[in-house]
Amino acid sequence: MQTSTNHCKTSNHTKNMSDPALYTVGWICAIPTESIAASLFLDGEEHERLTYVSTNDSNDYTLGEMAGHNVVIAVLPDGEYGQTSATAVVKDMLSSFPNIRVGFMVGIAGGAPTSKNDIRLGDIVVSSPHDDTGGVLQYDYGKMIQGQGFLQTGFLNQPSTLVRTAVSGLKAQYKKKGNVIETKIKTILDEYTELSEEFGRPDGDKDRLYKADVVHPAEIEGTCGDICGTQPEKLVERRARTLREDKRTIIHYGTIASGSWLMKDAHARDLLAEERGVLCFEMEAAGLINHLPCLVVRGICDYSDSHKNKDWQGYAAMAAAAYVKDLLTRMVPSRVEAEAKLKEVIDSDLVLTRSQVSQKVDAIGTTTQKVHVDVGELRMQEHRSRMIKWLSPSDPSTNYNKALEQRQEGTGLWFIHGDAFKQWKQHSNSFLWLHGIPGCGKTVLSSTIIEHLKLDTTCEVLLYFYFDFNDTSKQTLDNVLRSLIKQLYQQQPDARQSLDQSWNAHGEGSQQPSTSSLQSVLQAMLSMIDKAYIVLDALDESKSRGDLLVWLKTLATSKFTACQLLVTARREEDIESALQTWIHPEDRIAIQQSDVDVDIE
Ligand SMILES: [Zn+2]
């Protein structure tokens, strides 16, 4: 090993460090703003450019010393960004600088704030493996547009143990003593006053997080403040940070999402944040990380939505660079030199099969992670949740759960094992009305039936609803329709079209459907599937019994749908006279108090 640090102490003069083998730290940036920020943190002057680099290496390097390490800062070619470019830059860098031992991807990214992760502009995100993710999550967009399933192969390597140990050490250090990243940035900009406007911290009022539904209009020129407004109802309400928090740069550790497209969709952002714990979005790390197991450090400059905000880019790049310098300060140069050369690690990996790579990488002290997310599926989920939000149905599972909690063991088995229920289950277009006096246990029996059907694998579609005197969202025909539609929408992709059409017909969800249009939607959805079991509890607790009973008859007698309907209701006059016009006498079953008593004993 040729490496030596003896002759590279800090100096105020440009130093001749003409041997590429002296450099051990690779630092990749995507845009010039990031490489300028990085170079501002070098100790002393930049080193002279090398007279010799590998043939075909067209990278632009900035060389220098930082915290005792010789650092190569490389930036992607102007105007190029994304995974492919990052891969090319790293390959060239490793062939020109064969002794690089640790890698960093440093720059800016769009944040993904959630109620759990209060991420603000100027904060820092550090890729950090947790649970089952490798710190960098790769997602894809191209296939999503085509609506195909997403398939992602490839291993996203983690940085070496040395780097990860330094991250936890620095985390503990910040926790105890706080960080002075902000002060360090100020000190540098006091020296480079001409850069302070671009790289200094913007005013706090330039940090606005718009609600996901507020979309920046594409064609209009102007700032967000002018076009999108600053009214509180458009913005996500966030608490003011305390003075103490404000003084320290906040650092988040977790998953960074890396994709082949620039995330500018607040809904997709929120989905990935909620479901995958993504803290921020960028475009290079996934291309890099298989070629250079590296730590990704990102300063947050916007919120990955449609809004335009360039004000924070310089400062966010400075914050990320300041963090990496603190990290390098914790890493002893001699320990870095003792690490395996990344070039060798990578080269040896390339000739192995994937499973061998996995073993190989384990053997050198890092673990491999394959993480992918089906953005197409997420997009569908987003659409589904939008539909459901529009319907805003009540949730019958609360009644279901409550009744089961109250149930004595064995209750209702007499009915489940009885002939009437067996017949009802077997025959299509069957109907049953269970009636009894108040308090005879109808609701508990309904829940037992639902539970039985849920466990029955032959029962593909099960819809249920509980009318409830005590819950105003569970009393009308409109309420039951919304709930059944929602359940069917979730259970049967084949049946979704009618609701989607209705949503479009109602100004893309800007207006609510009428009760009669909900009836048509449910009818149309049911006609798309082979059969459905429907259990409706306590019709007598409905406040729109007249309409409900008319609809029930339509549903039960329709030639276009196949429903097996089971209802419970007290024997009250309007119910009885409505039902008896169309049901068979044997479809009525009385639940006697004694039946329940027998159960309870
Ligand atoms: Zn805007």
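Please count how many residues of the range 299-320 are in contact with an Asp or Glu (Cβ under 6 Å, 6 or more places away or on another chain) and away from the ligand (no atom under 16 Å from the Cβ).
Residues of the range 299-320 in contact with an Asp or Glu (Cβ under 6 Å, 6 or more places away or on another chain): 300, 309, 314, 317.
Checking the rest, the ones that are also away from the ligand (no atom under 16 Å from the Cβ) come to 300, 314, 317.
Qualifying residue count for the region: 3.
Just a yes or no: is a residue in the range 279-299 surrounded by 24 or more Cβ atoms within 10 Å (Cβ to Cβ) and among the basic types (K, R)?
Within the range 279-299 (the criterion being surrounded by 24 or more Cβ atoms within 10 Å (Cβ to Cβ) and among the basic types (K, R)), the answer is yes, since at least one residue qualifies.
Of these, V336, V332, which one is of a type in the set (V, I, T), more than 16 Å from the ligand (Cβ to nearest atom), touching a strand residue (DSSP E or B) at 6+ places or on another chain (Cβ under 7 Å) and closer than 23 Å to K171 by Cβ? Before you say what the answer is, go through the steps one by one.
On the way: V332 fails: touching a strand residue (DSSP E or B) at 6+ places or on another chain (Cβ under 7 Å).
Being of a type in the set (V, I, T), more than 16 Å from the ligand (Cβ to nearest atom), touching a strand residue (DSSP E or B) at 6+ places or on another chain (Cβ under 7 Å) and closer than 23 Å to K171 by Cβ holds for just one of V336, V332, which is V336.
Of the residues that sit in the range 429-455 and are more than 37 Å from the chain's Cα centre (by Cα) and more than 23 Å from A578 (Cβ to Cβ), which one is surrounded by the fewest Cβ atoms within 10 Å (Cβ to Cβ)?
G439
Please go through the range 300-313 and give me each residue that is under 19 Å from H252 (Cα atoms) and buried (at least 24 other Cβ atoms within 10 Å of the Cβ), ordered by number. Give the steps one after another, and end with the answer.
Filtering the range 300-313 down to residues under 19 Å from H252 (Cα atoms) leaves 300-304, 312-313.
The answer is I300, C301, D302, Y303, S304.
Just to be sure before I move on: is K184 over 28 Å from M105 (Cβ atoms), charged (D, E, K, R) and touching a residue at least 12 places away in the same chain (Cβ under 8 Å) in the structure I sent? Please lay out each step first, then the result.
Values: over 28 Å from M105 (Cβ atoms): no; charged (D, E, K, R): yes; touching a residue at least 12 places away in the same chain (Cβ under 8 Å): yes.
Answer is no for this residue.
Is one or more of the residues making up the range 463-486 touching a Phe, Trp or Tyr at 6+ places or on another chain (Cβ under 8 Å) and surrounded by fewer than 20 Cβ atoms within 10 Å (Cβ to Cβ)?
no
Are any residues in the range 74-86 buried (at least 18 other Cβ atoms within 10 Å of the Cβ) and part of a helix (DSSP H, G or I), and if so, which ones?
Q83, S85, A86 - these are the residues of the range 74-86 that are buried (at least 18 other Cβ atoms within 10 Å of the Cβ) and part of a helix (DSSP H, G or I).
Give me the pairs: first residue in the range 226-251 and more than 16 Å from A212 (Cβ to Cβ), second residue within 16 Å of the ligand (Cβ to nearest atom), beta-carbon distance under 8 Å, and six or more apart or on different chains, which are they?
So the pair list comes out as I227/H216; I227/P217; I227/I220; T230/R208.
Tell me, yes or no, whether the range 228-250 has at least one residue that is touching a Gly at 6+ places or on another chain (Cβ under 7 Å) and under 17 Å from K116 (Cα atoms).
The answer is no; no qualifying residue exists.
Rule-based calculations on the coordinates, nothing more; no lab input. Note that the structure is a prediction, hence the values are computed from the model and not measured. Don't worry about glycine lacking a Cβ; one is built from the backbone with ideal geometry, like all the others, and counts go over all protein chains shown.
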